[in-house]
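*Asks:* I'd like to ask some things about the structure below.
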């Protein structure tokens with residue numbers, strides 16, 4: 001591959017805490033078949049990035065962190081027909097590498113940004129928004145208008161999008177968060193109810209809010225700390241959707257426990273299982289963009305220079321943040 005430029009990037013040579021993240025310069029080549037080169041303007045920050053850094057989700061080392069960004073197409077490889085040089089785009093990639101000024105990336109998950117959406121919003125919303133899209137629209141939760149669901153960590157970047165999307169579908173989203181301020185934020189974004197899990201009994205409050213019926217589905221990105229409570233919030237035949245491990249991996253699942261708690265279902269979905277073709281990616285993104293056009297707000301609460309990515313990770317892992325954060329280049 002012919003080297004065409006050099007990019008600054010945040011790379012790790014070993015797993016560990018934020019201190020293993022280093023700003024380096026790396027060469028970039030021309031895109032190959034099915035690839036594009038994107039010059040980044042903004043880079044998404046996601047809790048997933050901390051899993052890659054810590055080793056919870058192993059990646060080949062050395063590795064450039066990050067899976068999400070927005071920018072402009074600089075070059076396209078053979079076989080790419082849905083994009084052109086100069087297009088404003090955003091992407092979320094299965095492989096890491098977005099914590100950089102520029103990157104060669106597979107073209108499949110890259111979508112054009114509508115003119116009304118700026119780069120900061122595009123980088124902050126795509127992974128989180130597509131996550132909410134597949135959770136509410138493609139996961140087999142069989143939810144209908146009027147149904148209640150529980151959404152943990154509802155004041156985070158994914159959660160605030162979920163509050164708004166659920167409201168647009170007529171769903172009663174019961175938010176959980178760790179402070180009264182975060183609960184108020186979830187309510188302001190469309191949650192029907194909010195529970196401060198530090199001061200309230202989540203299970204008892206869910207039973208109260210549903211007149212004892214509990215909910216059809218729980219969406220849980222917290223993991224270990226909320227696992228038991230999540231199961232106890234479910235009605236018989238309810239669906240436990242575990243899509244993250246912010247507090248650590250969930251314990252081993254006992255099938256007998258699922259039976260005893262009401263013939264429950266459990267799924268552990270991932271976004272990239274859904275991103276199977278350009279047509280599917282575009283359909284999912286179009287639904288997200290339509291929500292934004294209809295008034296969904298994307299709260300970009302924190303912006304960091306690329307060189308301060310380690311501080312961004314410290315803030316993410318503190319579990320004190322709300323909304324979304326980005327790196328700017």
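The values are calculated or read from the model by the stated rules, or taken from the named source; none is laboratory data. Only a predicted model underlies this, so the values are computations on that prediction, with no experimental measurement involved. Virtual Cβ from ideal backbone geometry, glycine too; neighbours counted across all protein chains shown.
*Asks:* For residues that are over 22 Å from the mean Cα position of the chain (by Cα), within 19 Å of residue 319 (Cα to Cα) and part of a helix (DSSP H, G or I), tally how many sit in segment 169-206.
*Replies:* Number satisfying all stated conditions: 2.
*Asks:* Another one. Go through 231, 209, 239 for me and flag whichever is farther than 18 Å from residue 162 by Cβ, surrounded by 16 or more Cβ atoms within 10 Å (Cβ to Cβ) and more than 18 Å from the chain's Cα centre (by Cα).
*Replies:* Matching residue, one of 231, 209, 239: 231.
*Asks:* Say whether the condition of being touching a strand residue (DSSP E or B) at 6+ places or on another chain (Cβ under 9 Å), at pLDDT 95 or above and part of a helix (DSSP H, G or I) is met by at least one residue in segment 133-144.
*Replies:* Yes, that holds for at least one residue.
*Asks:* Okay, next question. How many residues does segment 31-45 hold that are more than 12 Å from residue 102 (Cβ to Cβ) and either at pLDDT below 95 or under 19 Å from the mean Cα position of the chain (by Cα) (or both)?
*Replies:* 3
*Asks:* Right, next: For segment 290-298, does any single residue satisfy the condition of being out of contact with any helix residue (DSSP H, G or I) (no Cβ under 9 Å at 6 or more places or on another chain), at pLDDT 95 or above and either under 17 Å from residue 128 (Cβ atoms) or in the same structural domain as residue 224 (by TED's automatic domain parsing) (or both)?
*Replies:* Yes.
*Asks:* Which members of segment 315-329 meet the condition of being under 29 Å from residue 72 (Cα atoms) and part of a helix (DSSP H, G or I)?
*Replies:* Within segment 315-329, 315, 316 meet the criteria.
*Asks:* Which of the residues that make up segment 207-224 are within 20 Å of residue 320 (Cα to Cα) and either in a loop (DSSP other than H, G, I, E, B) or without any contact (Cβ under 8 Å) to a residue 24 or more places away in the chain (or both)?
*Replies:* 221, 222, 223
*Asks:* What is the residue count in segment 64-81 for residues that are farther than 20 Å from residue 317 by Cα and buried (at least 16 other Cβ atoms within 10 Å of the Cβ)?
*Replies:* So the answer is 10.
*Asks:* Output the residue which, of all residues in segment 145-161 that are modelled with pLDDT of 95 or more and in a strand (DSSP E or B), is surrounded by the most Cβ atoms within 10 Å (Cβ to Cβ).
*Replies:* This residue is 150.
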